[in-house]
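Below is one structure, written out as structure tokens; the observations come after it.
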Amino acid sequence: MDTAENTQTLLDGADLLIDALKLNGINHIYGLPGIPITDLTRRAQAAGMRMISFRHEQNAGNAAAIAGFLTQKPGICLTVSAPGFLNGLNALANATTNCFPMILISGSSEREIVDLQQGDYEEMDQLAIAKPLAKAAYRVLHIDDIGVGIARAIRAAVSGRPGGVYLDLPAKVFAQTIEAQAGKNTLIKVVDPAPRQIPAPEAVTRALDLLKSAKRPLIILGKGAAYAQADADIRALVEKTGIPYLPMSMAKGLLPDTHPQSASAARSYVLPEADVVMVIGARLNWLLSHGKGKTWGGKSSKDWGGQKFVQIDISPQEADSNVRIDAPVVGDIGSCVAAMLNGINASGGNWPKPSGDWLGAIEDRKSKNVAKMAETLAKNPTPMNFHSALNVVRDVVKANPDAMLVNEGANALDFTRSIVDMYKPRKRIDVGTWGVMGIGMGFAVAAAVETGLPVIAVEGDSAFGFSGMEVETICRYNLPVCVVIFNNNGVYKGTDVNAGGGADVAPTVFVKNARYDKIIEAFGGVGVHAITPAELRAAMEQAVRSRKPTLINAVIDETAGTESGRITSLNPKAAKK
Ligand code: ADP
């Protein structure tokens with residue numbers, strides 16, 4: 001054989017990595033090129049993969065994580081070594097915390113030099129650092145282990161409770177070569193990466209018996225239920241039992257927020273009053289006041305409110321993490337909900353509907369709160385406040401129920417969550433379990449890339465700053481993203497003063513009357529400066545219709561907003577005021 005033929009029959013590590021991903025149906029990479037992965041990014045694109053290049057790895061990582069949530073396939077984030085890896089790590093930790101399946105693949109330096117700490121280019125023991133923040137972490141040292149490495153990473157990311165996985169690839173693996181057929185033989189197409197986990201029949205019976213005994217039952221739907229894509233069965237379970245339900249933030253739209261059984265507008269009434277609560281794909285963490293305390297009718301913050309709980313979750317360790325779970329149902333939500341429905345159907349028409357007293361009391365609170373909110377939304381102050389601006393967003397989302405809604409901020413988050421109704425599953429993606437800032441533009445990019453649908457990102461002016469440079473990415477890929485910045489001149493609000501009396505502004509205050517809309521104009525997108533609700537409405541409607549990258553600087557009264565939004569109680573100083 002001559003030399004030319006010889007090279008043609010060889011594959012290198014980069015070839016094999018691309019083949020391994022494609023073999024497993026993974027066609028998108030979110031990342032940022034640089035040493036040692038620049039050529040890999042080019043070759044992925046040449047091989048027909050969609051390589052979305054970001055301006056900062058954290059945003060690429062957040063994009064990968066939410067791609068995983070939306071598709072049930074692990075989202076891939078690709079970074080350079082040490083600093084790029086560390087930037088991506090923030091998103092990996094957030095993915096693990098939120099149960100989003102993603103794989104962070106980072107190039108790394110020479111093992112021999114790193115381990116002897118001899119000072120290699122970007123030297124860092126990345127595997128050791130990733131381990132505590134990931135569901136699993138692996139390193140591949142030889143080209144013929146790439147197939148196994150990818151297979152293990154996929155399984156770890158999507159099976160059981162999903163999470164973030166780290167895969168370490170030292171630079172030299174990319175350059176190693178293997179004869180083409182031998183290389184292909186090392187690849188693994190993962191069979192059944194997220195196996196169904198069927199609940200035990202006695203666990204289902206126990207749960208149904210407890211539910212049946214309830215006088216004031218309640219269902220809580222979490223983002224695990226949204227992730228599971230068991231939408232029709234979840235809706236049937238809620239409707240057949242007639243039980244009122246509360247959606248957690250990212251479970252909004254699993255049933256339309258306008259559904260008569262939604263108890264969202266009576267949340268503070270139903271939590272303490274319910275006697276049996278069925279939690280589906282949600283953890284009883286801080287977002288649910290740990291299932292106890294005053295929110296739940298307890299006398300003090302540690303006190304149990306007396307509720308009994310059914311909890312449906314794929315993780316067998318989740319039950320009893322905060323309060324006693326009387327009927328844990330362990331399995332994947334699709335299988336668990338189907339089993340519960342079978343049990344209910346088996347009872348013929350005899351499933352007891354919740355009492356009229358319970359439903360009536362909820363309806364009472366709901367209608368009062370809805371009427372109060374309608375009054376607030378109808379006001380038209382100048383400048384706009386959160387409510388008058390969100391009245392517009394609410395209408396635009398209602399008219400475009402397929403659009404994706406990204407949401408982050410403090411007040412911009414809290415008000416949007418409660419005011420903007422969602423109509424379809426997995427349309428609302430937000431700050432999640434940590435209430436983290438910085439997911440905005442990464443989520444917006446991935447939502448557009450994965451769904452092809454228009455994306456509306458409602459951003460606090462502070463939150464936007466964490467990922468704002470990705471506006472260039474949005475323009476570069478011409479994505480149908482409309483960013484709406486609620487600009488009230490600062491963190492929480494723009495009116496704080498420097499307590500020391502010096503020339504610097506207060507730590508929470510930004511440049512007054514900033515024109516965020518100019519940022520997107522620099523990259524060829526549409527910038528709009530909206531002062532009135534009518535201007536905001538026209539700009540949003542136009543953005544959704546045209547699918548052009550758009551950034552609307554919505555001017556909000558700088559006195560509007562409370563410190564830490566709705567979680568003021570967690571902020572020691574503000575709570576004392
Ligand atoms: P939220 O923030 O909406 O309350 P969490 O992230 O706290 O939701 O909880 C999600 C829960 O859903 C986790 O406990 C996770 O184990 C569970 N989960 C995720 N995917 C599935 C699935 N496919 N089947 C069952 N449970 C799941």
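Things to note:
- Some residue of the range 15-34 being open to solvent by 20 Å² or more (accessible area, probe 1.4 Å) and under 25 Å from Ile129 (Cβ atoms): yes
- Number of the exception - Met422 against (1) over 15 Å from Pro256 (Cα atoms); (2) in contact with a strand residue (DSSP E or B) (Cβ under 7 Å, 6 or more places away or on another chain): (1)
- On the stretch given as the range 178-193, residues that are assigned to a loop (DSSP other than H, G, I, E, B) and touching a helix residue (DSSP H, G or I) at 6+ places or on another chain (Cβ under 6 Å) total 6.
- In the range 138-148, the residues that are touching a residue at least 40 places away in the same chain (Cβ under 8 Å) and under 9 Å from Val173 (Cβ atoms): Ile143, Asp145, Ile146
- Test: residue in the range 294-313 that is small (Gly, Ala, Ser) and within 12 Å of the ligand (Cβ to nearest atom): no
- Residues that are acidic (Asp, Glu) and in a loop (DSSP other than H, G, I, E, B) within the range 294-336 comprise Asp303, Glu318, Asp320, Asp326, Asp332, listed in sequence order.
- Contact map, the range 172-197: first residue closer than 19 Å to Ala153 by Cβ, second residue modelled with pLDDT under 95, Cβ cut-off under 8 Å, separation 6 or more or different chains; pairs are Phe174/Pro36.
- Only one entry of Val191, Val158, Val173 meets the criterion of being assigned by TED's automatic domain parsing to the domain that holds Leu21 and within 28 Å of the chain's Cα centre (by Cα), and that entry is Val158.
- Candidate set from the range 323-333 (those that are under 24 Å from Ala194 (Cβ atoms) and hydrophobic (A, V, I, L, M, F, W, C)); member that is nearest to the ligand (Cβ to nearest atom): Ile333
- Filter result (open to solvent by 10 Å² or more (accessible area, probe 1.4 Å), assigned to a loop (DSSP other than H, G, I, E, B) and within 21 Å of Asn489 (Cα to Cα)) within the range 380-430: Asn380, Pro381, Thr382, Pro383, Asn385, Ala410
- Among the residues of the range 462-501, the one identified as acidic (Asp, Glu) and either within 19 Å of Val436 (Cβ to Cβ) or not assigned by TED's automatic domain parsing to the domain that holds Thr550 (or both) is Glu470.
- Test: residue in the range 278-285 that is more than 12 Å from the ligand (Cβ to nearest atom) and either closer than 27 Å to Gly349 by Cα or touching a strand residue (DSSP E or B) at 6+ places or on another chain (Cβ under 8 Å) (or both): yes
- With respect to being more than 8 Å from the ligand (Cβ to nearest atom) and open to solvent by 20 Å² or more (accessible area, probe 1.4 Å), Pro260 fits the description.
- Among all positions in the range 56-72, there is at least one residue which is touching a His at 6+ places or on another chain (Cβ under 7 Å) and open to solvent by less than 10 Å² (accessible area, probe 1.4 Å).
- Test: Asn90 is within 16 Å of the ligand (Cβ to nearest atom) and either open to solvent by less than 20 Å² (accessible area, probe 1.4 Å) or in contact (Cβ under 8 Å) with a residue 12 or more places away in the chain (or both): no
- Elements of type strands (runs of 3 or more DSSP E) in the range 435-546, at least 3 residues being of a type outside the set (S, T, N, Q) and open to solvent by 30 Å² or more (accessible area, probe 1.4 Å): 526-530
- In the range 173-199, the qualifying residues are those that are of a type outside the set (Asp, Glu) and within 16 Å of the ligand (Cβ to nearest atom), and the one that is surrounded by the fewest Cβ atoms within 10 Å (Cβ to Cβ) is Arg196.
- Tally, over the range 107-151, of residues that are in contact with a Lys or Arg (Cβ under 9 Å, 6 or more places away or on another chain) and part of a strand (DSSP E or B): 5
- Single unsatisfied condition, Ala266 versus (1) away from the ligand (no atom under 16 Å from the Cβ); (2) farther than 30 Å from Ile439 by Cα; (3) open to solvent by less than 10 Å² (accessible area, probe 1.4 Å); (4) in a helix (DSSP H, G or I): (2)
- Considering residues of the range 334-357 that are open to solvent by less than 20 Å² (accessible area, probe 1.4 Å) and touching an Asp or Glu at 6+ places or on another chain (Cβ under 8 Å) only, the residue farthest from the ligand (Cβ to nearest atom): Leu341
- Test for Gly147: is it buried (at least 18 other Cβ atoms within 10 Å of the Cβ) and either closer than 25 Å to Ser315 by Cβ or outside the structural domain of Leu86 (by TED's automatic domain parsing) (or both): no
- Within the range 200-255, being within 14 Å of the ligand (Cβ to nearest atom), open to solvent by 20 Å² or more (accessible area, probe 1.4 Å) and assigned to a helix (DSSP H, G or I) holds for Lys223, Gly224, Tyr227, Asp231, Asp233, Ser249.
- Asp320 within 29 Å of the chain's Cα centre (by Cα), under 23 Å from Asp231 (Cβ atoms) and within 16 Å of the ligand (Cβ to nearest atom): no
- Just one residue in the set Lys368, Lys424 is over 29 Å from the mean Cα position of the chain (by Cα) and modelled with pLDDT of 95 or more; that residue is Lys368.
The values are calculated or read from the model by the stated rules, or taken from the named source; none is laboratory data. What you see is a predicted model, and the numbers here were worked out from it, not measured in a lab. All Cβ positions, even for glycine, are placed from backbone atoms using ideal geometry, and neighbour counts span all protein chains on display. Only protein heavy atoms, including side chains, enter the accessible area calculation; ligands, DNA and RNA are left aside. Shrake-Rupley method; radii C 1.70, N 1.55, O 1.52, S 1.80 Å.
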